[in-house]
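These notes are about the structure you will find just below.
Any read-out appearing in this document is the output of simple, stated calculations on the displayed coordinates, not a laboratory observation. Just so you know, these numbers come straight off a predicted model, no measurement behind them. Don't worry about glycine lacking a Cβ; one is built from the backbone with ideal geometry, like all the others, and counts go over all protein chains shown.
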Amino acid sequence: MIFPVRLFASTEAAGRARLTEDEIDALGFTDELPNGRRYKHGTLGGYVTAQYRCAGCKQWSADYARDRKRRRTGRSARAWSPARRSDPTEYLDADVWRRISNMAVDEAGLPFRYTPYQVRHTHASWLIDQGVDLARVQYRLGHGDLQATTRYVKVLDEEDPKAAEVMSAMLGDVA
């Protein structure tokens, strides 16, 4: 259960269709703020200054952040489609995944609630530390290229006895 495939359905697949620009324009303006200003929904002012979190403002923020990252990294948008997946398993809804993760943490009796993100990174780091080939780790994580895996994995420091003692104590208490 180390998440080799994408777990969450896209916004459209989850039943939350994207709003068109006309629909966002139809939302009009925000309520008047204490400073007397009003901002248009689906704009920087509406999302940041007026702190509106309606569907139009959230969609604008997500689109803006995604486009900004693409411009900054120089990567173009790649349309995701089910045909590009190599694993035929179905997606898990975010709520279903959260319930599964919480039940696993509860059953394990862990000292604090680990997130799936933390478990995934720890798993990858431990594999690398034990000498597992980077290409195998890439396959287990479901990465398309080796560069993503090398950025993802933090190699453990073998020369840190204090950290090893802490980890041994934690894992000893759990078992």
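With label points built 7 Å along Cα→Cβ from the Cα atoms of A17 and N35, find their separation and express it in nm.
Computed distance between label sites A17 and N35 equals 3.7 nm.
Would you pull out the residues with amide H under 5 Å of K40's amide H, same chain only if 5 or more places away, H placed 1.01 Å from N?
Amide H neighbours of K40, under 5 Å, 5+ apart: T30, G46.
Expressed in nm to one decimal, what extension gain is obtained for the pair M103 and W126 from 0.36 nm per residue of sequence separation less their Cα-Cα distance?
Gain on extension, M103 to W126, equals 6.0 nm.
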